[in-house]
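Undergrad: The structure under discussion is supplied below as structure tokens; questions concerning it will follow.
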Amino acid sequence: YAAKEGRNRWSVYRSGLEQASRSRLERVQDLRQALRENQLSLVYQPILPLRPGFPPKAEALLRWTHPTRGPIPPSEFIPLAEAYGLAPTLDTWVLKQVLRKMPPEPFEVCVNLSTLSLQDAHFMKWLTRAVQGERRDPTRLHLEVTETALLRDLETARRHLEAVQRLGVRVALDDFGVGQTTLAYLNRLPVDLLKVDRSFVGGIGSAAGEALLAGILSLAKGLGMITVAEGVETAEQLAWLRRSSCDYAQGYFVGKPGELGQLQASLAKARLTTHLP
Ligand code: C2E
Ligand code: MG
Ligand code: MG
Ligand code: MG
């Protein structure tokens with residue numbers, strides 16, 4: 001056993017070294033190859049409504065499984081794609097998959113947009129046409145953007161987002177609270193949903209943390225936004241969020257990212273364990 005464990009440790013160590021020693025250029029070439037050779041896939045994480053009458057949602061999350069190096073996390077390859085201008089290509093791939101095969105009714109689906117895509121007029125034009133095309137219901141699609149992406153060029157971002165909102169697509173501000181948005185900006189942004197970063201959910205259980213999170217939720221409510229809490233990992237956090245009139249909960253306690261076909265079952269299980277209708 002020790003020998004086996006030693007070998008595993010060694011291979012983990014070695015693959016770390018390999019990663020580090022491969023230049024960024026080599027790794028972005030790997031990513032281009034991944035796009036060509038079908039190494040990418042999507043998983044979907046359920047987003048549980050905490051209030052009656054709200055439809056469930058699911059967030060599409062990109063996965064890359066390299067044939068020899070194994071799974072490579074988005075935290076590694078998304079920044080790489082951004083740095084090399086490949087992000088709109090990735091986002092196009094994701095949106096095509098999602099639009100071709102939507103989660104089952106009544107799920108709404110959230111797709112992450114990178115900073116580069118949001119600022120890219122060509123990408124946004126393509127997206128508009130893709131959403132308008134055929135007989136898809138655009139109101140079932142949400143686009144998630146970050147504060148960084150919005151603030152890169154606020155006027156361009158606003159123009160692009162308002163254009164997709166006119167189609168019925170809704171906009172979510174992702175990871176809210178850890179970026180550079182000042183509260184003063186919030187009512188000037190074309191945002192329908194606020195996804196509160198999981199660091200705030202981690203504060204549930206401490207008086208100061210709860211005061212902060214309650215403040216964010218009531219502010220979002222006051223601005224007419226739908227609230228989603230990210231990174232919900234415990235029953236206590238979920239109960240607190242329900243009591244505090246948060247609209248949605250997302251996190252490992254509700255359900256981990258998984259296959260499209262698992263969404264219904266994972267939502268049903270979450271409803272059972274949380275005694276939600
Ligand atoms: P995000 O958009 O904030 O997505 C949520 C991340 O938190 C996901 O990580 C998810 O697996 C993780 N997560 C969910 N519940 C919990 C929880 O209870 N605890 C903890 N600790 N984590 C939780 P993932 O899939 O590794 O994605 C990381 C980031 O990569 C995403 O953060 C998003 O910014 C980016 N990303 C993922 N897929 C795409 C994509 O298709 N396009 C773009 N542009 N970015 C993507
Ligand atoms: Mg997201
Ligand atoms: Mg997020
Ligand atoms: Mg996050």
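None of the figures in this text is laboratory data; all of them are computed from the coordinates on show. From a predicted model like this one, the values you see are computed outputs, not experimental measurements. Positions of Cβ are generated from backbone atoms using ideal geometry, with glycine treated the same way; all protein chains shown enter the neighbour counts.
Residues checked against (1) within 12 Å of ligand 1 (Cβ to nearest atom); (2) hydrophobic (A, V, I, L, M, F, W, C); (3) free of Cβ contacts under 8 Å to residues at least 24 places away in the same chain:
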| position | (1), (2), (3) |
| --- | --- |
| 213 | no, yes, no |
| 217 | no, yes, no |
| 238 | yes, yes, no |
| 251 | yes, no, no |
| 263 | no, yes, no |
| 266 | no, no, no |
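Undergrad: Working only within the stretch 40-81, note down all residues that are touching a helix residue (DSSP H, G or I) at 6+ places or on another chain (Cβ under 8 Å) and within 18 Å of residue 104 (Cβ to Cβ).
TA: Matches in the stretch 40-81: 42, 44, 46, 48, 56, 58, 60, 61.
Undergrad: I'd like the residue in the stretch 37-84 that is of a type in the set (S, T, N, Q) and either in a strand (DSSP E or B) or touching a residue at least 60 places away in the same chain (Cβ under 8 Å) (or both) and, out of all such residues, is nearest to residue 27 (Cα to Cα).
TA: 65
Undergrad: I'd like the residue in the stretch 172-198 that is touching a Lys or Arg at 6+ places or on another chain (Cβ under 8 Å) and not charged (D, E, K, R) and, out of all such residues, is farthest from ligand 3 (Cβ to nearest atom).
TA: Going through the qualifying residues, I end up with 190.
Undergrad: Right, something else. Yes or no: residue 82 within 24 Å of residue 158 (Cα to Cα) and charged (D, E, K, R)?
TA: Criteria met by residue 82.
Undergrad: Another one. Out of the residues in the stretch 88-141 that are over 21 Å from residue 267 (Cβ atoms) and polar (S, T, N, Q), which is nearest to ligand 2 (Cβ to nearest atom)?
TA: The selected residue is 114.
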